[in-house]
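A.B. asks: I have a structure I would like to understand better, so I am pasting it below and will then ask my questions one at a time.
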Amino acid sequence: MPIPASPKRYQGEIVEWNGDKRCGFVAPRGSGPGDPVVFLPASSLRNRRRMPKVGDTVVYETVTIEDTPRNRRLRTKIRAERVDYLGDDPPAPKANRKTESFFATLGGVFLALQAGTCLLLYGSIFILASSVGFSLLAAILYGWDKSCAQTGRRRVPEATLHWVALLGGWPGAALAQMLFRHKTQKPSFRAMFFATVFLNIALTVAAFLFLPSIGLMDRWKALEHG
């Protein structure tokens, strides 16, 4: 059995990767040339949807490799464990994954309902256009923010992400969170995101009911008195 070398998480760069053998080596970042590389098996990567490549920056823990004849052929006695790409959120708990899936599905249903309403009420098309446009913008911003997190560039302010969600982009934001595994862990961010979702839904329903250009409420009253 491998013996834990340290609970500390390290940062390093993948310097070799063999796709056929599904393994490679990581060079600890900030170390001198005499420091050993770390063995990286594919099974240690927690994001299985992404193909590793030379130059990727990863964050990992280490264990000492068991001393066996086969393992002695490796150039290092240290193996990387619980490996995440820099900028990736750690794997979310099962409850969080269900929440992400729920909101992504809710966003799709919400846009579909708006599209269906547009077929009946032409005046509501600007609301659908706003939701679709801001959803695309949200997805782009989430993707850009994750890229910035991975490369150390300036991040997209959280306030910007929340405003885009509130203005109608939350369906795209919810889908981006699930697909990119980004912004799924920080409790304060998620609480604010959920608030923007429900507030936008409430405002959208109010717009459909009371805006003169749509006037669902007026139409219902007219039908009742007709």
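None of the figures in this text is laboratory data; all of them are computed from the coordinates on show. Just so we're clear, the structure is a prediction, and the values are computed from it rather than from any experiment. No Cβ is skipped: glycine too gets one built from the backbone with ideal geometry, and neighbour counts run over all protein chains shown.
A.B. asks: For Arg22 and Ser147, what does the FRET efficiency come to when R0 = 45 Å and r is the distance between their Cβ atoms, rounded to the nearest 0.05?
C.D. replies: On the way: r = 26 Å, r/R0 = 0.57.
E(calc), rounded to 0.05, equals 0.95.
A.B. asks: Report the per residue volume, in Å³, of the convex hull enclosing the C-alpha atoms of the range 3-85. All intermediate terms of the calculation are to be shown ahead of the outcome.
C.D. replies: Numbers: hull volume 7.7 nm³, N = 83.
Looking at the range 3-85, the number lands at 93 Å³ per residue.
A.B. asks: Sorted by mean Cβ packing within 10 Å, highest first, what order do the peptides 59-66, 134-141, 165-172 take?
C.D. replies: 165-172, 134-141, 59-66
A.B. asks: Lys and Arg at +1, Asp and Glu at -1: add these up for the other residues within a Cβ distance under 15 Å of Thr196 and post the number.
C.D. replies: That works out to +2.
A.B. asks: List, in the order given, every pair from Lys8/Lys183; Lys77/Lys146; Lys8/Lys146; Lys77/Lys183; Lys77/Lys98 whose Cα-Cα distance in the structure shown is over 31 Å. Write out the running numbers ahead of the final one.
C.D. replies: Values: Lys8/Lys183 23 Å; Lys77/Lys146 33 Å; Lys8/Lys146 24 Å; Lys77/Lys183 35 Å; Lys77/Lys98 39 Å.
Going by Cα-Cα distance, Lys77/Lys146; Lys77/Lys183; Lys77/Lys98 fall outside the 31 Å limit.
A.B. asks: With θ set to phi - 60°, apply the Karplus curve 6.51 cos²θ - 1.76 cosθ + 1.60 along the range 149-156 and write out the HN-Hα couplings as whole Hz, x wherever there is a Gly or Pro.
C.D. replies: Using θ = phi - 60°, the values come out as 5, 6, 10, x, 7, 5, 7, 6 Hz.
A.B. asks: Subtract the Cα-Cα distance of Ser43 and Thr105 from 0.36 nm times their separation in residues, and report this length gain in nm to one decimal.
C.D. replies: 19.3 nm
A.B. asks: While we're looking at this one, here's another question. When 1/r is averaged over all different Cα pairs and the result inverted, which Kirkwood radius in Å belongs to the range 94-225?
C.D. replies: Kirkwood hydrodynamic radius for the range 94-225: 15.6 Å.
A.B. asks: Which length gain, in nm to one decimal place, applies between Lys8 and Leu209 when the Cα-Cα distance is subtracted from 0.36 nm times their residue separation?
C.D. replies: So the chain would gain 66.8 nm between Lys8 and Leu209.
A.B. asks: So between Val15 and Arg155, what do we pick up on full extension, going 0.36 nm a residue minus the alpha carbon distance?
C.D. replies: Here the answer is 47.8 nm.
A.B. asks: For the range 110-147, list residues with backbone N below 20 Å from a point placed 7 Å from the Cα of Phe198 toward its Cβ?
C.D. replies: Taking a point 7 Å out along Cα→Cβ of Phe198, the residues of the range 110-147 whose backbone N falls under 20 Å are 110-111.
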